[in-house]
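Worksheet for the structure shown next.
The values are calculated or read from the model by the stated rules, or taken from the named source; none is laboratory data. Worth saying up front: this structure is predicted, and the values here are computed from it rather than measured. Virtual Cβ from ideal backbone geometry, glycine too; neighbours counted across all protein chains shown.
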Amino acid sequence: MRNFEEERRRLVERLRAQGVGSEEVLAALGRVKRHFFVPQHLAEQAYADYPLPIGEGQTISAPHIVALMCTYLELRRGEKVLEIGAGSGYHAAVVAELVGEEGQVYSVERVEWLAEFARANLRRAGYTQASEGVVRGDGTLGLPEHAPYDKISVACAAPDVPPPLLEQLRAGGRMVIPIGKFMQTLYLVKKEKGKEKERERQEGREEVVRERKCSVVFVPLVGRYGFREED
Ligand code: SAH
C-alpha cells in the first residue's frame, strides 16, 4: 500500500521550492487526492509532476500547470467559475477547493464518457457540487445558462479566444486560455471596466487586456469556435 498522502506532500513541497503557485493554491493541491483522478493502473504515478493519459488521446494536466493556471486566475471563495475541458475532473476539484462551498464550478466536457469519468472521480473525492456541475457539450459556446462567470479556465488549446467565452466573462473577470496549434502560449485575459480617462470613447464598453504567460502543451479545443475534428 503506497503512502499517497506523503507523496502528495512531497509534490507540493517540490512545487513550492520551484516557486510554482501561490500558497493558497499549493494548499489546495495538498488537499486534492490526485490518485482518484488518474486511471487505476497509473495510480502510482499520480504525484509525479507530468501529464498522464486518461484515454482517447486526452490527458490530465501536470500539477504545476494546474497550480499556475489557478494562481493566474486569483480564485477567491464564493466565485463562480467555468472550466472548459473537464477531462479527469482534477483541475475542477482544485478550483472547487479554492472557491469553497459558497462558490461553484461548472465544467464543460465534449466527450460523453469523459464527462461521466470526471463526475465519478469528483464524487469519489468528495466534490459533490463540482460533480453536479459537469456538463457534456461544446465548451467553445460556453455555458450561457449560468453566465456571467467571475473566472474562466480553458484546459485545451484554442485557435483564439472563443467570442462566447469573452461574452460570458463578468466585467472585471479573468480567463486563462492556451492559444496556438503546435506552439502554444498560455494567456491571461482580463476583462477590465472602461478606464476613467477614456470614458467618453468607451462608455459602457469593457476593455480586454491579454498577457502572455508561458509556453504550454495542451490537447486541442475541438468545436464551433475551436479547431475542427479533422485539423
Ligand atoms: N482539466 C482536465 C484536463 C483536460 S484535457 C483535468 O484536470 O484532467 C482537455 C479536455 O478538453 C479533454 O477531455 C477534451 O475531451 C476536452 N475538450 C476538447 N474540446 C472541447 C470542447 N469544445 N468543449 C469541451 N471540452 C473539450
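Structure data summary
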{"quantity": "Filtered residues of the stretch 49-84 (kept if acidic (Asp, Glu), within 12 Å of the ligand (Cβ to nearest atom) and crowded, with 21+ Cβ neighbours inside 10 Å)", "calculated": "83"}
{"quantity": "Tally of residues being without any contact (Cβ under 8 Å) to a residue 60 or more places away in the chain and more than 8 Å from the ligand (Cβ to nearest atom) across the stretch 85-123", "calculated": "18"}
{"quantity": "The stretch 208-227 residues that are more than 19 Å from residue 190 (Cβ to Cβ) and within 16 Å of the ligand (Cβ to nearest atom), paired with ones that are modelled with pLDDT of 95 or more and hydroxyl-bearing (Ser, Thr, Tyr) (beta carbon under 6 Å, 6 or more apart)", "calculated": "223/140; 224/140; 225/140; 226/140"}
{"quantity": "The stretch 85-120, residues that are surrounded by fewer than 24 Cβ atoms within 10 Å (Cβ to Cβ), within 13 Å of residue 36 (Cβ to Cβ) and of a type in the set (Gly, Ala, Ser)", "calculated": "120"}
{"quantity": "Single residue of 231, 160 found to be at pLDDT 95 or above and in a loop (DSSP other than H, G, I, E, B)", "calculated": "160"}
{"quantity": "Which listed residue is closer than 27 Å to residue 191 by Cα and either modelled with pLDDT of 95 or more or touching a strand residue (DSSP E or B) at 6+ places or on another chain (Cβ under 7 Å) (or both), from 9, 76, 16", "calculated": "76"}
{"quantity": "First in the stretch 127-147 and farther than 22 Å from residue 158 by Cα and more than 9 Å from the ligand (Cβ to nearest atom), second anywhere and at pLDDT 95 or above and part of a loop (DSSP other than H, G, I, E, B), Cβ under 8 Å, 6 or more apart", "calculated": "127/89; 129/101; 130/89; 131/89"}
{"quantity": "Residue 190, sole failed condition from (1) touching a helix residue (DSSP H, G or I) at 6+ places or on another chain (Cβ under 9 Å); (2) modelled with pLDDT of 95 or more; (3) among the basic types (Lys, Arg); (4) more than 16 Å from the ligand (Cβ to nearest atom)", "calculated": "(1)"}
